[in-house]
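What follows draws every value from the coordinates through simple rules; no lab data is involved. Computed from a prediction, not measured in an experiment: that's the story for all the values here. With ideal geometry, Cβ positions are generated from the backbone for all residues, glycine too; neighbour counts draw on all protein chains shown.
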Amino acid sequence: MDETIPKHSLAIRMGYWSSIVILVSGVGLIGGIFASSVLLPTTLTTEWSGIEPFADAYRANGGIITSLSFLPALVSCPAYVIQVGCIHHVEMSSSRKWAKFGLGFAVMFAALAGLNYAVQLSIVRTQILGGQTEGLDWLVFQNPGSLMLVIDFVGWFFLGLAFLSVVPLFSGNRLNRSIRYLLSTIAVLGVVLLVGLVTGNSAVGLVFLTTMSALLACTDILILVFFRRLLRAQVASNAPSPRCMVVGDSDDASAPMSRFRCGATR
């Protein structure tokens, strides 16, 4: 049965631009992770040898490499909340109620992961560069026994739950199905990440976190296309508040959103 779905211009545009921010931030995060693994002697894949060797290497590059990876990650935290919120707002299907949980999980991710990134950029960076490393082990993310590592991994687990909550909203055409499968995979990786944390295997957690980051970048490209098609459909309708109707399971890539038929509100 056809279902009329209101599409709001602000939500579509915010979803589109938040997806761009997440994509750019994701590329920076992945690049920073690999650069830090090469330039810093102690990572989550090796045994922690103490704060001093880590601090010496940190000072050698001025902490720039590490900061470059945490800064885009911090920027992406509120962007994920906006993105999930916009997906919840533009979808009016019967599964929309589940997206409310997704928004809450996204906020929890932003709070936990954002706290870690802020601590790394402020306290850890300034203390190490200032030569005050006593008692800093618990705050350094690269330390497998760090409190901030636990907080960050739990945050990413909640992001997986957030995406799992919006999975039912993506059905129908090929684009939606691709987003659905990727979001489901990310949710599974989030669970594995938490299991690795509980079992004390931080190396496995880092591998899955890196894989999860790469999949997030791929997923965000598709979500960007999703919002772009809605945006183009709305512009084509020449109405500030077009209404879209579910018309079937077409995979026509030329359609602005193959699942929807949009037109001006009368």
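Can you give the translational diffusion coefficient of the stretch 47-192 in µm²/s, computed by Stokes-Einstein from the Kirkwood radius over Cα pairs at 10 °C and 1.306 mPa s?
Here the translational diffusion coefficient equals 95 µm²/s.
Kindly write out, for the stretch 124-134 in residue order, the coupling ³J(HN,Hα) from the Karplus curve 6.51 cos²θ - 1.76 cosθ + 1.60 (θ = phi - 60°), rounded to whole Hz, with x marking Gly and Pro.
With coefficients 6.51, -1.76 and 1.60, one gets 4, 5, 5, 5, 5, 5, x, x, 10, 10, 5 Hz.
Taking the alpha-carbon centroid of each part, what is the distance from the stretch 132-153 to the stretch 55-81 in angstrom?
A separation of 14 Å, based on Cα centres.
Residue by residue, what Karplus-based ³J(HN,Hα) values in Hz, rounded to whole numbers, does the stretch 223-231 have, using 6.51, -1.76 and 1.60 with θ = phi - 60° and x for Gly and Pro?
Values, residue by residue: 5, 4, 5, 4, 6, 5, 5, 5, 5 Hz.
P(r) of the stretch 127-196 in 5 Å steps, Cα pairs, percent per bin?
3, 16, 18, 14, 12, 10, 9, 7, 5, 3, 2, 0
Could you tell me the calculated FRET efficiency between ALA236 and GLU134, based on Cβ-Cβ distance and R0 = 51 angstrom, to the nearest 0.05?
E(calc), rounded to 0.05, equals 0.25.
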